[in-house]
Amino acid sequence: MDCGAGRARTTVPQPCPAQQHSPQHHQRGAGGAETGQAGGSSRRTAPEGSAAPPPPPPRPRPQPALRARRAERAGAALAILSAGAGRGRGGRGALARTGRAEAAWRVRGRVGPCGAVRGREGRARRRRMPSAAGRGHGQDRRPDNEDSSAADDYAKERYGVSSMIQSQEKPDRVLVRVKDLTLEKADEEVWVRGRIHTSRAKGKQCFLVLRQQQFNIQALVAVGQHASKQMVKFAANITKESIVDIEGVVRKAHQKIGGCTQQDVELHVQRIYVISSAEPRLPLQLDDAVRPEVEGEEDGRATVNQDTRLDNRIIDLRTSTSQAIFCLQSGICQLFRETLIRKGFVEIQTPKIISAASEGGANVFTVSYFKTSAYLAQSPQLYKQMCICADFEKVFCVGPVFRAEDSNTHRHLTEFVGLDIEMAFNYHYHEVVDEIADTLVQIFKGLQERFQTEIQTVSKQFPCEPFKFLEPTLRLEYREGVAMLREAGVEMGDEEDLSTPNEKLLGRLVKEKYDTDFYILDKYPLAVRPFYTMPDPANPKTSNSYDMFMRGEEILSGAQRIHDPQLLTERAKHHGIDLEKIKAYIDSFRFGAPPHAGGGIGLERVTMLYLGLHNVRQTSMFPRDPKRLTP
C-alpha cells in the first residue's frame with residue numbers, strides 16, 4: 001500500500017515497519033476488537049456482518065517531491081526522538097510515550113502511515129522539531145532564517161574570534177599605535193590593536209572606543225561595502241576590555257570627538273577580530289575608576305575607593321590615570337640615570353640580605369638564613385660607602401628598600417624603591433648637596449619637557465598646582481626652619497625631629513615666603529641621625545646632614561659619612577650596635593677612605609608629590625604596607 005494515501009477514519013491504521021516492534025501500540029480490547037491506546041481515546045472497527053459505510057472519495061495524491069520531503073521529515077523526527085529518549089528506565093519510558101503518542105495521532109487521522117504529520121498540529125510540530133541535517137546530537141541547528149542570513153553575510157570573512165596566538169605564524173602586518181593616529185594619517189588604511197573601552201550600537205552602525213594605554217580613538221562599524229549587519233552585531237557584542245585587531249581607514253572627524261585623546265580623527269572599521277575575550281562581569285568599571293572624587297560627590301556618580309583599586313590592581317592599572325602615573329615614574333628613573341651618568345657616576349647593585357641592620361634600631365625585617373639570621377637591607381648605605389673606599393668616587397643605585405615600620409600613613413611603605421647616590425668630595429659636603437639638588441632639578445625639568453601629556457592626564461582626575469622649584473635650590477638650616485615654625489605658633493625643641501604635621505606646615509610657610517615647592521633643610525641635630533653621620537665640628541649637637549623636601553614632605557635624607565674607623569666605632573657603640581656584626585664595614589675604612597657624602601631618595605614619594613597626589617599607594621605599582629601583602 002502506498003505510504004501517504006488517504007484512509008477512511010473507521011478503519012484501523014496499520015503501523016509502519018519502524019513501529020511494529022512496540023507491543024504497546026495496539027492491545028486486544030474486550031469483545032475481540034482492536035483498541036488503539038493513545039491518551040485515553042479509542043476507536044473500534046465496524047461490527048462483523050454490518051455494512052460498512054461507503055469510503056470517502058480519495059484525496060488527491062501528493063506530488064512525488066512533496067511525498068519525499070514528508071517521508072524525510074517523518075524519518076528524521078523518529079530518529080531524533082529515539083536517539084533523544086536516553087538510556088535506562090527514563091529513556092524507555094520516554095520512548096514508550098513517544099510510541100503511544102504517535103499511535104494516537106495516527107488514529108485521529110493526523111499522521112500518515114509513514115509518520116508524516118498532517119494539518120495545523122503537524123506544521124507546528126515540524127517547526128519545533130530539529131532537522132536530521134542538524135549539527136549532531138545535543139546541538140541545535142540554526143533556524144532557517146539564520147541559515148539564510150548567514151548565507152547572505154557577505155562580510156563573514158572580515159570579522160570573528162581569532163585562533164589563539166601561539167607564535168604559529170609571522171604575518172606581514174604593521175600595527176600602528178593609537179597615539180600616532182592623527183590627521184597626518186587621514187585616509188590611510190591601518191591595523192590597530194587595542195582594548196574595547198566602550199561600545200554603542202545604533203541602528204545599522206556601532207561606535208567603539210578603542211583604548212591603548214592612556215590613548216583612545218573612536219571606531220565606527222557601519223553597514224556598507226565592508227561591513228554587514230551581522231558584522232555590526234558581532235562588534236556590538238564584544239565584551240569590554242577584550243583585545244581586538246582592527247583594520248580600518250583613518251578619517252577626519254566632522255567635529256571634535258569628546259572623551260577621546262584622538263579628537264580629530266576616527267577609524268572606519270573594515271575588519272575586526274577578537275584576539276582575547278574578557279569576561280562580561282568586571283570587578284570595577286574603568287570609567288568609574290578615572291572619575292574625579294569631587295565630580296562623583298556632586299553628581300552622585302560612582303567612584304572607586306582605594307582598597308577596591310588595590311584588590312583589583314590589574315584592572316586599575318589599565319586606567320589612563322594609572323598608565324600616566326607609572327609612565328612618568330619610569331621617566332623619573334630614566335632621568336635620574338641619564339643625569340648621573342652624564343655627571344660621571346657609575347651604577348652599582350648592592351645586596352639586600354645583610355648580616356646587620358643598615359641604620360640600627362628595630363625597624364628591620366629579620367629573615368632565616370640557613371643556621372643563622374639575616375636582615376633585609378634598610379638602605380644600600382654601607383655598600384655605597386665601600387664602593388667609595390674602593391675608588392669608584394661617584395656611584396648610584398636603584399633598588400628595593402625594606403623598612404619594618406608599623407606605619408599606616410599616606411606616605412609610608414614597608415618596601416619602596418630607593419634612588420641612592422654616594423660621592424667623594426674634596427673639602428666640603430655641600431659639594432655633594434649641590435650635586436644631588438641639581439640632579440633633582442634636572443629631573444623636574446625633564447618631566448616638564450617630556451611628560452606633559454601624562455601630567456595633564458593625571459591632573460584631570462587629581463587637579464593640583466604645577467610643581468615649582470628654584471635654581472639654585474633654596475637651602476635653609478634646621479634652626480631657621482624651627483624658627484619659622486615657632487613664629488607660626490609651633491612649640492618644639494632645638495634637638496627635636498620634625499613631625500609630619502610640622503613638615504607640611506613648614507612647606508606651606510616656605511612656599512608663601514619663597515614661592516618654591518622644593519627646598520633643602522641642612523644641619524640636622526646629631527641625636528636624630530644614624531650612627532655613621534659626621535658630627536658638625538662647629539657644634540657637637542648638630543651634624544653634617546640634610547633632608548630635601550617636595551610640597552612640604554621629605555623625599556631624601558642624606559649626610560656626610562664618617563670615614564674614620566675610630567670615630568665610626570665610637571658612634572656605633574653610642575647607638576648600641578654590635579661591632580662584630582659591622583666589622584667588615586668598619587674595616588673597609590682602615591686602608592684609607594676619601595671624605596664622602598650621599599643620600600637616598602624615595603621614588604614613590606617623588607612621583608606622588610610631583611603630581612600632587614595624596615597617597616603613596618597610588619604611585620606604588622603593587623604596594624606593601626603593614627596591612628597589605630597581595631597582590
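What to note about this one:
- Only one of Tyr546, Tyr524, Tyr519, Tyr532 that is at pLDDT below 95, within 25 Å of Pro595 (Cα to Cα) and open to solvent by less than 20 Å² (accessible area, probe 1.4 Å): Tyr532
- Count of residues meeting criterion [outside any helix (DSSP H, G or I) and either open to solvent by less than 20 Å² (accessible area, probe 1.4 Å) or modelled with pLDDT of 95 or more (or both)] in the range 412-440: 17
- Enumerated strands (runs of 3 or more DSSP E) restricted to the range 205-323, each holding at least 3 residues that are open to solvent by 50 Å² or more (accessible area, probe 1.4 Å): 265-276
- Of all residues in the range 441-469, those satisfying the criterion of being in a loop (DSSP other than H, G, I, E, B) and among the aromatic types (Phe, Trp, Tyr) are Phe451, Phe462, Phe467, Phe469.
- Of all the listed residues (Ile314, Ile272), the sole one being outside the structural domain of Thr261 (by the TED database) and hydrophobic (A, V, I, L, M, F, W, C) is Ile314.
- Among the residues making up the range 470-529, those that are in a loop (DSSP other than H, G, I, E, B), without any contact (Cβ under 8 Å) to a residue 40 or more places away in the chain and not aliphatic (A, V, I, L, M) are Glu471, Pro472, Gly489, Glu491, Gly493, Glu496, Asp497, Ser499, Arg529.
- When Arg571 is tested against (1) in a helix (DSSP H, G or I); (2) of a type outside the set (A, V, I, L, M, F, W, C); (3) open to solvent by 40 Å² or more (accessible area, probe 1.4 Å), just one condition goes unmet, and that condition is (3).
- Residue satisfying all of: in the range 609-631; among the hydrophobic types (A, V, I, L, M, F, W, C) and within 19 Å of Arg403 (Cα to Cα); least open to solvent (accessible area, probe 1.4 Å) among these: Val616
- Cβ-Cβ under 6 Å pairs, at least 6 apart or on other chains, the range 213-237 side more than 17 Å from His197 (Cα to Cα) and in the same structural domain as Val249 (by the TED database), far side in a strand (DSSP E or B) and of a type in the set (Phe, Trp, Tyr): Met231/Tyr159
- Of the residues Ala404, Ala357, the single one that is surrounded by 20 or more Cβ atoms within 10 Å (Cβ to Cβ), in contact (Cβ under 8 Å) with a residue 12 or more places away in the chain and among the small types (Gly, Ala, Ser) is Ala357.
- Top-ranked residue in the range 180-195 [being in contact (Cβ under 8 Å) with a residue 60 or more places away in the chain and open to solvent by less than 30 Å² (accessible area, probe 1.4 Å); ranked as nearest to Phe215 (Cα to Cα)]: Leu181
The values are calculated or read from the model by the stated rules, or taken from the named source; none is laboratory data. Computed from a predicted model, the values in this text were never measured in an experiment. FYI the Cβ positions are ideal-geometry reconstructions off the backbone, even for glycines, and counts take in every protein chain you see. Note: accessible area is taken over every heavy atom of the protein model, side chains too, but ligands, DNA and RNA are not part of it. Shrake-Rupley method; radii C 1.70, N 1.55, O 1.52, S 1.80 Å.
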